[in-house]
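The structure under discussion appears below in the form of structure tokens.
The values are calculated or read from the model by the stated rules, or taken from the named source; none is laboratory data. Quick caveat: nothing in here was measured; it's all calculated off a predicted structure. Because the Cβ atoms are built from the backbone with ideal geometry, glycine has one as well, and the counts that use them run over all protein chains shown.
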Amino acid sequence: MSMEEGSSPCDGETQAAQLPSQAFDRTQQCGGWITFPFITGSEIFSFHPTPPARAPLPPPPGVLLPMNIHVYELACSFAYPTDATMAGLTLAAGGWINNFIVFLIGEFNVKSIEAAQLWNVVNGCTSMFPVLGAIVADSFLGNFTVICISSLFSLLGIILLLLCSTIDSLRPPPCDQNGPTSCITASRLQLSILYLAITLATIGLGGTRFTIGALGADQFDDPRHQGSFFNWYLFTLYTASAISATAVVYVEDNVSWGWGFGICAAANVVGLAIFVSGSRFYRPVKPKGSPFTGLARVVVAAVQKRNLVVSSKSEDYYNRADNGGVNLVAATPTGAFK
């Protein structure tokens, strides 16, 4: 008996048919090291000798499984693509942000002080947007959806930068250093397209910076595997950052901005495509609601009960169990936080 074509080890219907006497839980079968290359990737075809994050369900008596989940993960470990989401998106983002001041001065005739100020704004947004992206992912949409949407925003922004660098009408003419006239500043339309491109690319960078790591950590149960994942995650992150800050910047400075932004766009497309192709293996984690909602309720309740008379009877309060978990330890509120 063989696995049906197009079936997935995370397909609940397929597993339910194969294991009639056991309930299939997608959250227990998906995830693990099989998702790692789609999330981060590595420099070589990677095989992880550590055991999977969860053991496969044992087959019922008399039922022969077509392919065990453990064997499936082990076989797939030898044939993963080398480029993946984190490497592609980091390469794409670093390719434009590392050389952003030079691009503004050389292509849009922006003064050096104004270019530095604009870069500071972009740098601040790239530090603030990841927090907003994490809140949206945890509270409403989930990591997978936020990563996909942010990657599309990043791609659109880089494509606009590519168009600005290749179409003459989208940028002002270059300054004539030997001519009598001063540099021509960019028009409102040209600046609007430039700012739109920067905004989209910055949102894309912020929405994927933390959520990719969070999605990867959700695929593992064992803390040792989570630690190993973050080691490779950070290795891939800084390797891609180094490549973007050297090789891509070299292409932009010595070949053309069009080729440089073209490499960034291609890296973004490849990273997004590989990430989406691994969606069948990801463990689904539903959003748990906004943590700020609970904090707001606590503040409102505290304000409403600020004049409440505190009881001195221990039975009026929740009592925790002792170390053995058998006897309750009576306790009353203290003035430690008053």
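What about Ala197, is it free of Cβ contacts under 8 Å to residues at least 60 places away in the same chain, of a type in the set (Gly, Ala, Ser) and crowded, with 18+ Cβ neighbours inside 10 Å? In short, yes.
For Gly207, the stated conditions do not hold, so it cannot be described as modelled with pLDDT of 90 or more, out of contact with any Phe, Trp or Tyr (no Cβ under 6 Å at 6 or more places or on another chain) and either among the acidic types (Asp, Glu) or buried (at least 22 other Cβ atoms within 10 Å of the Cβ) (or both).
For Pro284, work out the one condition from (1) within 19 Å of the chain's Cα centre (by Cα); (2) modelled with pLDDT of 80 or more it doesn't fulfil. Looking at each condition in turn, Pro284 falls short on (2).
Residue count for segment 296-315, restricted to those that are touching a residue at least 12 places away in the same chain (Cβ under 8 Å), surrounded by 10 or more Cβ atoms within 10 Å (Cβ to Cβ) and assigned to a helix (DSSP H, G or I): 1.
State yes or no: is Val146 of a type in the set (Val, Ile, Thr), in a helix (DSSP H, G or I) and farther than 26 Å from Gly262 by Cα? Even if it seems obvious, please write down each step before you answer.
Numbers: of a type in the set (Val, Ile, Thr): yes; in a helix (DSSP H, G or I): yes; farther than 26 Å from Gly262 by Cα: no.
Here the answer is no, as Val146 does not meet what is asked.
Name the residues in segment 96-123 that are among the β-branched types (Val, Ile, Thr) and over 25 Å from the mean Cα position of the chain (by Cα), would you?
We begin by selecting, within segment 96-123, every residue among the β-branched types (Val, Ile, Thr); these are 97, 101-102, 105, 110, 113, 121-122.
If the condition is that a residue be among the β-branched types (Val, Ile, Thr) and over 25 Å from the mean Cα position of the chain (by Cα), then Ile101, Val102, Ile105, Val110, Ile113 are the ones that fit.
Listed by first and then second residue, the pairs with beta-carbon distance under 9 Å, at least 6 apart or on different chains, first residue in segment 130-155 and within 12 Å of Val276 (Cα to Cα), second outside any helix (DSSP H, G or I), are Phe144/Tyr282; Phe144/Pro284; Phe144/Val285. The residues of segment 245-285 that are small (Gly, Ala, Ser) and in contact with a Phe, Trp or Tyr (Cβ under 9 Å, 6 or more places away or on another chain), listed by number, are Gly260, Ser277, Gly278, Ser279.
Can you find, within segment 96-116, the residue that is surrounded by the most Cβ atoms within 10 Å (Cβ to Cβ) among those that are of a type in the set (A, V, I, L, M, F, W, C) and farther than 15 Å from Ile193 by Cβ?
Of all residues in segment 96-116, those of a type in the set (A, V, I, L, M, F, W, C) come to 96-97, 100-105, 108, 110, 113, 115-116.
The next check asks that each one be farther than 15 Å from Ile193 by Cβ; those that pass are 97, 100-102, 105, 113, 115-116.
Details: Ile97: 21, Phe100: 17, Ile101: 17, Val102: 14, Ile105: 16, Ile113: 8, Ala115: 19, Ala116: 13.
Looking at residues that are of a type in the set (A, V, I, L, M, F, W, C) and farther than 15 Å from Ile193 by Cβ, I get Ile97.
Here Gly260 does not qualify as closer than 28 Å to Phe140 by Cβ and buried (at least 18 other Cβ atoms within 10 Å of the Cβ).
Here Tyr233 passes the criteria (1) touching a Ser or Thr at 6+ places or on another chain (Cβ under 8 Å); (2) part of a loop (DSSP other than H, G, I, E, B); (3) in contact (Cβ under 8 Å) with a residue 60 or more places away in the chain except the one numbered (2).
Total residues in segment 124-180 satisfying the condition of being within 28 Å of the chain's Cα centre (by Cα) and among the charged types (D, E, K, R): the figure is 1. Of all residues in segment 255-283, those that are without any contact (Cβ under 8 Å) to a residue 12 or more places away in the chain and part of a helix (DSSP H, G or I) have Cβ atoms under 7 Å from Cβ atoms of residues that are surrounded by fewer than 21 Cβ atoms within 10 Å (Cβ to Cβ) and of a type in the set (Val, Ile, Thr), 6 or more apart or on another chain, in Trp259/Val251.
Against the conditions (1) modelled with pLDDT under 90; (2) over 30 Å from Phe281 (Cα atoms), Thr145 satisfies every one except (2). Is there a residue being among the aliphatic types (A, V, I, L, M), at pLDDT 90 or above and under 17 Å from the mean Cα position of the chain (by Cα) anywhere in segment 225-242? Checked against the condition, which is being among the aliphatic types (A, V, I, L, M), at pLDDT 90 or above and under 17 Å from the mean Cα position of the chain (by Cα), segment 225-242 yields no hits at all.
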